[in-house]
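**Q** This is the structure I have questions about; it appears just below.
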Amino acid sequence: MDSISALLGDDHDRLDAILAQFLEEDDLPTAKKLFAAFDLGLRAHIDWEEDLLFPAFEEKTRMTDSGPTVVMRMEHAEIKQHLLHIQASIGTKELASAVEDLLQVLFHHNQKEERILYPWIDRALSPKRLASMIQRIKSEQEKLLPPATP
């Protein structure tokens, strides 16, 4: 993978798959583990964007007080609130509504990132800087993923 678009788009897909497993799981302890994996993965994804990508993009474009990263950070805060609500709703009748609220925000958020922001980052940053960021994210992703079973 040689682009932020591909790497983080694939991570969106990976997280979507974990969330889908969580939603289909009837065993409460297993559901809680799946949600914990989703929550950890999504928070790490947000951290990579906010701590690594956004500052580099803002430095290059000089868009610090307005622009796409400001909007993404506001949406990240909203997403984190939805994650807390889902966590508190697991095993209750509120879960479906809490997940639906997250899905509505996440769908539009991910679309903006995948169609606008990630390609813009790929164009704005130097290949060397992108390669360094991609390697760092991949390294951190490996720490999140369960070990392969033989």
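**Q** Within region 74-94, track down each residue that is surrounded by fewer than 15 Cβ atoms within 10 Å (Cβ to Cβ) and in contact (Cβ under 8 Å) with a residue 40 or more places away in the chain.
**A** GLN87, GLY91
**Q** Within the set of pairs 6+ apart or on separate chains, which have a first residue in region 1-12 that is without any contact (Cβ under 8 Å) to a residue 60 or more places away in the chain, a second that is among the aromatic types (Phe, Trp, Tyr), and C-beta atoms under 9 Å apart?
**A** So the pair list comes out as ALA6/TYR118.
**Q** Determine, yes or no, whether ALA31 is among the aliphatic types (A, V, I, L, M), out of contact with any Pro (no Cβ under 7 Å at 6 or more places or on another chain), surrounded by fewer than 13 Cβ atoms within 10 Å (Cβ to Cβ) and closer than 28 Å to GLU100 by Cβ.
**A** no
Let's see how each residue does on (1) more than 18 Å from SER5 (Cβ to Cβ); (2) touching a residue at least 12 places away in the same chain (Cβ under 8 Å):
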residue: ILE18; (1), (2): yes, yes
residue: PHE35; (1), (2): yes, yes
residue: SER97; (1), (2): yes, no
residue: LEU106; (1), (2): no, yes
residue: HIS109; (1), (2): no, yes
residue: ARG115; (1), (2): no, no
residue: TRP120; (1), (2): no, yes
residue: MET133; (1), (2): no, yes
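**Q** Have a look at THR92, THR69 and point out the one that is within 16 Å of the chain's Cα centre (by Cα) and hydroxyl-bearing (Ser, Thr, Tyr).
**A** That would be THR69, the only listed residue that is within 16 Å of the chain's Cα centre (by Cα) and hydroxyl-bearing (Ser, Thr, Tyr).
**Q** I want to confirm something. Restricting to region 95-150 and keeping residues that are part of a helix (DSSP H, G or I) and among the β-branched types (Val, Ile, Thr), which single residue is surrounded by the most Cβ atoms within 10 Å (Cβ to Cβ)?
**A** Only one residue fits best here, namely ILE121.
**Q** In region 56-89, what residues are under 16 Å from LEU19 (Cβ atoms) and of a type in the set (Ser, Thr, Tyr)?
**A** SER89
Every number here is computed from the coordinates shown, using simple stated rules; none is lab data. This is a predicted model, so every value here is computed, not measured. Methodologically, a virtual Cβ is constructed for each residue, glycine included, from the backbone with ideal geometry; neighbour enumeration extends over all protein chains shown.
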